[in-house]
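Heads up: the structure comes next, in structure tokens.
Read the figures in this text as sums done on the coordinates, not as results from a lab. Being a predicted model, the structure only gives us computed values, none of them experimental. Using ideal geometry, Cβ is built from the backbone for each residue, glycine included, and neighbour counts are taken over all protein chains shown.
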Amino acid sequence: MTVTKLLIANRGEIACRIMRTCRELEIPTVAVYSDSDRGSMHVRLAVSSFPIGPTPSRESYLRVDKLIDIALKTGADAIHPGYGFLSEDPDAVRRIQEAGLTWVGPSAEVLEQMNAKITAREIATRVGCPVLPGIHETLGDEDLLTEAKKLGYPLMLKPVAGRDGKGMRLVKSPGELRRALPRVKGDALFSFWDERVYLEKALIHPRHIDIQIAGDSHGNYVYLWEREASVQRRFQQLADEAPAVFVTPAQRKAMGEAAVAIAREVGYVGIGTVEFLMDAEGHFFFLEMTCRIQGGHAVTEWITGQDLVRWQILIARGERLPLAQEEIPMWGHAVECRINAEDPDRDFAPSSGRIVYLRTPNGHRVRDDNGIFPGWELSPFYAPLLSKLSTWGPTRAEALQRMHAALSEYRVGGVRSNVAFHKALLEHKPFLKGELHTGMLDHPWWMQKKLGINLKFAVAAALFDELEIEERRAQQPNRQDDCESGTDSWKSFGKFSRL
């Protein structure tokens, strides 16, 4: 297996992230782009780039035939899927490997087993990992309601082929289950082309713990500690930190060994994440396995000093894991905030449009993974991610302080963002105490939250930025400044887009 030239079958932040590691490894990169991504950051960073189709992903980034054709024409011998799109599609993996290309990720056989949530639960049970009770049989709605009553509410209704929390519903009564069944089946059919569903006993307000694992083709496996991913909305993570709060060394070891046992059982080769739910008593239960690099990988890289994308490429080349389990360090604490173009004032409605102004934070132990720039047009066709901002400190308190300061520097004009929401989160007393669970955002407590000690600085900086734009425009009366069209919208921003 060779990786001498890499085609990245993705866009945005993760494509840029992969390219930066490839530069260090002196691996030329090939970018693909849809019509609306022409001129995007990942296109600018790549050594070469090629159009792949119209804006809708089904006509561009999901076209395996076009990806293979471009790879062969450019001499790329490997494809990295990033996350999302084709990253967990076993049919795509087979077609790419049949074309003689290296796939930077696990095999199609592994993806088929772990994508089927019922099969994944059976594998976890087989290696002795705890799982929550559930109903796995394919039943008619009435029979499912009967069996659900025996299992007892509350229950989670989930698509069999689901991933990333899509389509899941919490049901607390037979009536809620009856109403939820057609909706979840419809979502599953639309998103995964499979309407099968299953039921699982629900934990109310559990913690969500991700165990980062790695395996090579030589039979070596390690876990790179854990991430706390409990700050979620609609089962989508908004913030991550590592290590997890209040996880004991014994719990960490037990979850890590369980995750490695699952990976070993299926012959997993690559970087992946085994996800667990933990109840108030500290008991953990297998949730699912994510067979790709995850959005929260930066915090794992902070505390271990490792580059997980580099690990992916080395593993794909057939090399051994860079470190054994006892050699993997754990330094300090890291936290990540996912900066999205969305409006917390309007139930986190996605925002799209031209970025007329952008100033991202930097400084000591601050990292901002992004794929945006001033003048870039955010498309409504893709996820509204702006960047993944992460910070490190020797303690959790220092990492959070550094993150709060970094958020106070973040400026984006032209689209709304959730920056001030994250500032409110970092001032929320339960969060500061480490009292985390997946229901933290069930009630909009942040709507009444004061915006914190940096309010005066933030307002002054925003006004200064506006005056600077006005001054430039006055000095160049014949030139229409790119920011001019966004001035009115900047003035009309609510508190969450301004800060």
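Taken about its Cα centre, segment 74-124 carries a charge dipole of about 100 debye when Lys and Arg each add +1 at the Cβ and Asp and Glu each add -1 at the Cβ.
Using just its DSSP H runs of length 4 or more, each adding -39500 (n - 2.57), the chain gives a mean residue ellipticity at 222 nm of -10500 deg cm²/dmol after division by all residues.
Here are a few candidate values for log10 I(q)/I(0) by the Debye sum over Cα atoms at q = 0.05, 0.06 Å⁻¹: (i) -0.23, -0.34; (ii) -0.16, -0.23; (iii) -0.19, -0.28. Which one was actually calculated from the structure I just gave you? Step by step, log10 I(q)/I(0) by the Debye sum over Cα atoms at q = 0.05, 0.06 Å⁻¹ for this structure corresponds to label (iii). Secondary structure note: in the chain, about 80% of the DSSP beta bridges are antiparallel. Loop sites by DSSP among the trypsin sites (Lys or Arg not before Pro) of the chain, restricted to those with at most 12 other Cβ atoms within 10 angstrom, leave 235-432 as the longest stretch without any of them. Listed cross-link partners Lys150/Lys172; Lys172/Lys201; Lys149/Lys172; Lys388/Lys433 are compared with a 18 Å cut-off, the Cα-Cα value being larger for Lys388/Lys433. Take the Cβ atoms of Asp194 and Glu147, set R0 to 22 Å, and the FRET efficiency comes out at 0.60.
If the chain linking Thr395 and Glu26 were pulled fully straight, counting 0.36 nm for each residue of separation and taking away their Cα-Cα distance, it would gain 129.4 nm. The residue among Val64, Ala9, Phe381 whose Cα reaches farthest toward the positive pole of the charge dipole of the chain, with charges on the beta-carbon of Lys, Arg, Asp and Glu, is Phe381. What you get for the chain, charging only the Cβ of Lys and Arg (+1) and of Asp and Glu (-1), is a dipole of about 760 debye around the Cα centre. Available extension along the chain between Asp65 and Ala280 is 72.6 nm, counting 0.36 nm per residue and deducting the alpha carbon span. Proximity of backbone amide H atoms, modeled 1.01 Å from N, is registered between Ser49 and Ala31 at under 5 Å, excluding neighbours fewer than 5 places apart on the same chain. Computed 3J(HN,Hα) for segment 257-262, one whole-Hz value per residue from the Karplus formula 6.51 cos²θ - 1.76 cosθ + 1.60 where θ = phi - 60°, is 5, 5, 5, 5, 4, 5, glycine and proline marked x.
Look at Glu241, Glu13 and count the other Cβ atoms within 10 Å of each Cβ; fewest to most, that gives Glu13, Glu241. Rounded to the nearest 20, the Cβ-based charge dipole of segment 6-104 about its Cα centre (Lys and Arg +1, Asp and Glu -1) stands at 240 debye. When both segment 1-41 and segment 110-151 are represented by their alpha-carbon centers, they are found 38 Å apart. Dipole orientation for the chain: of the candidates Val93, Val131, Met330, Met330 has the Cα lying most toward the positive pole (charges on Cβ; Lys, Arg +1; Asp, Glu -1).
Among the chymotrypsin sites (Phe, Trp or Tyr not before Pro) within segment 106-208, those in coil by DSSP and having at most 10 neighbouring Cβ atoms inside 10 Å are Trp193. Qualifying chymotrypsin sites (Phe, Trp or Tyr not before Pro) in segment 270-336, where qualification requires a DSSP coil assignment and no more than 16 other C-beta atoms within 10 Å, comprise Trp331.
Computed extension gain for Leu170 through Leu72, at 0.36 nm per residue and net of the alpha carbon distance, reaches 30.7 nm.
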